[in-house]
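One structure is given below, encoded as structure tokens.
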Amino acid sequence: MDKKYISKRIADLREQRQVTAREMSLSMGQADNYINNIENGKSCPSVQSFFHICEYLKVSPKDFFDEDSKAPGVFRDLSEILKPLDEAVLKHLLGFISTLTGKKE
């Protein structure tokens, strides 16, 4: 992992949340160009700022670095919606998703 990966990943996850770099910067209490500077490789977030960025993007640090997870924030939102459902409904949804993806349960 390098600075380019972090920059691109932040941009991708931010775009999935449909928020501008400026909006994200200001929402995090930073200067309006803070996220833009990170995404353009002009600066790199501190560890503390990285955790704040993950929190803002609704992804865990683990998910941030999981290259196979294309939309971890959306997955997290989906997971929250599914939590209260009972087992029978969840199994039905699993069967449906398995059919969509072509993967067996």
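Descriptive notes on the structure:
- A single member of GLY73, GLY102 is surrounded by 15 or more Cβ atoms within 10 Å (Cβ to Cβ), modelled with pLDDT under 90 and of a type in the set (Gly, Ala, Ser), and it is GLY73.
- Per-region count, region 79-94, residues aliphatic (A, V, I, L, M) and surrounded by fewer than 11 Cβ atoms within 10 Å (Cβ to Cβ): 2
- In this structure, LYS91 does not qualify as of a type outside the set (A, V, I, L, M), within 20 Å of the chain's Cα centre (by Cα) and part of a helix (DSSP H, G or I).
- Meets criteria (of a type in the set (Phe, Trp, Tyr) and in contact (Cβ under 8 Å) with a residue 40 or more places away in the chain) for PHE96: no
- Of all residues making up region 21-54, the number that are closer than 23 Å to ALA71 by Cβ, surrounded by 14 or more Cβ atoms within 10 Å (Cβ to Cβ) and not acidic (Asp, Glu): 15
- For the criterion of being under 15 Å from the mean Cα position of the chain (by Cα), touching a residue at least 60 places away in the same chain (Cβ under 8 Å) and surrounded by 15 or more Cβ atoms within 10 Å (Cβ to Cβ), LEU13 passes.
- For region 26-67, taking the residues that are among the acidic types (Asp, Glu) and within 12 Å of ARG9 (Cα to Cα), the one that is nearest to the chain's Cα centre (by Cα) is identified as ASP63.
- For region 1-21, taking the residues that are among the hydrophobic types (A, V, I, L, M, F, W, C) and at pLDDT 90 or above, the one that is farthest from TYR56 (Cα to Cα) is identified as ILE6.
- Residue under evaluation ILE97, criteria (1) among the β-branched types (Val, Ile, Thr); (2) surrounded by fewer than 12 Cβ atoms within 10 Å (Cβ to Cβ); (3) under 13 Å from the mean Cα position of the chain (by Cα), criterion not met: (3)
Residues are listed down the side, and each one gets a yes or a no for (1) on the phi < 0 side of the Ramachandran plot; (2) not aliphatic (A, V, I, L, M):
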position	(1), (2)
ILE10	yes, no
LEU13	yes, no
GLN18	no, yes
ARG22	yes, yes
PHE50	yes, yes
ALA71	yes, no
GLU87	yes, yes
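- First in region 45-71 and in contact (Cβ under 8 Å) with a residue 24 or more places away in the chain, second anywhere and hydroxyl-bearing (Ser, Thr, Tyr), Cβ under 9 Å, 6 or more apart: PRO45/TYR34; TYR56/SER27; VAL59/SER69; PHE65/TYR5
The values are calculated or read from the model by the stated rules, or taken from the named source; none is laboratory data. For clarity, every value in this text was computed on a predicted model and none was experimentally measured. Don't worry about glycine lacking a Cβ; one is built from the backbone with ideal geometry, like all the others, and counts go over all protein chains shown.
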